[in-house]
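> What follows is a single structure, and I will ask about it in a moment.
The values are calculated or read from the model by the stated rules, or taken from the named source; none is laboratory data. These numbers were taken from a predicted model, which means no experiment stands behind them. Positions of Cβ are backbone-derived with ideal geometry, glycine not excepted, and every protein chain shown enters the neighbour counts.
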């Protein structure tokens, strides 16, 4: 809870693995947003970002680590 | 379970390590799909993607992290 | 507590996952700072750093590993 | 056990750390094979793949993550 | 304790998270040193190394994995 | 214990963290060796490999993951 900022991550607990995967994608995007807070620069980067297979793969690479963290937080939804 | 979307990941539990490995590949592909939802752009990228040894290796790099998560979820199929 | 240096990391414990995510970003930045202590060189690098989608993604890649460590330190804020 | 496919990964348990390391290399290769199932394309890529130091290192980078998973599955062969 | 070499890593235990972070940086540097033992070559590489944003980020990428190991060794300094 | 091959990895247990770090470097090198078994090609690659800061850093990147595995195997040498 940072002063003057929205709460966007209240919990790592999700009802299903799929919801956990989607949370991992959200964390990946928030990491980019915090690293480059300017919307204008991010939009300018978007074309290269969208078209470059290497960047696409690199970007999707961040997701597995976040998903691993979220899966552990949920005891792997073993229940 | 996102509204209006199919359930594609109901569980991380798989009967065998090999089925777990194949689930890891599915997660790797879904990460790319969520990152670049346009089928048209993904198809355009496909030639570079298919032929570039670097991209190939980078892509296969995502698999081990997902497989690690799935293996933990299954207690490494020790039973 | 290094002699003559400020304490910038007293604990890995945070009240919320979001505060943990923001601490992960701080650790990512401190890693860059320790690797390249010269402010002048870091500022010179900043333009490329700010504009290059690849570098942006790579940079945000460090965050998930730190977040994973912090999440474990907080028992995933399971409550 | 996928229908119509060979079982190539019946277990993560190995008698020794070295056998576990060799299994990690097998998993690394299977990740490439699943990502690029065409033998013809893989063979075409092989020269670059064999000669490029960067690709060589990137490729060997996949092995440690798989080895980490296998080591955990075997309780680190602590005996 | 390698014959004829100094002991530079007697323990992973540190008094504080910050001291653990600084040990992670030391391990990152020792990894480079062991990989490229020649001081002359390392010095020659230094200019590119110091100025290249990509290399800087990649280098700082090694730190989080070492920090994760050290944090676990210290039970996350939970106190 | 592969038929007709030397045993080079009998155990992950080491007496000290430093010996564990050196074992991690050995595993990193063995990963390259298994990926590119030809001594001739490896030697040809050596100049680029030795001089390129990026490759140097990437190579040292493999070490932290192996060190993490070995540290866990040794219960972090907590003693």
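> Please work out which residue is farthest from the other protein chains (Cβ to nearest Cβ), limiting yourself to the stretch B:11-37 and to residues that are in contact (Cβ under 8 Å) with a residue 40 or more places away in the chain and part of a loop (DSSP other than H, G, I, E, B).
For the stretch B:11-37, the residue satisfying everything is B:14.
> Determine whether residue A:53 is within 9 Å of chain B (Cβ to nearest Cβ), crowded, with 19+ Cβ neighbours inside 10 Å and modelled with pLDDT under 75.
So residue A:53 passes the test.
> May I pose another question? Can you tell me which residue is surrounded by the most Cβ atoms within 10 Å (Cβ to Cβ) among those in the stretch A:38-50 that are at the interface with another protein chain (Cβ under 7 Å from one of its Cβ atoms) and at pLDDT below 70?
Ranking the candidates gives A:45 first.
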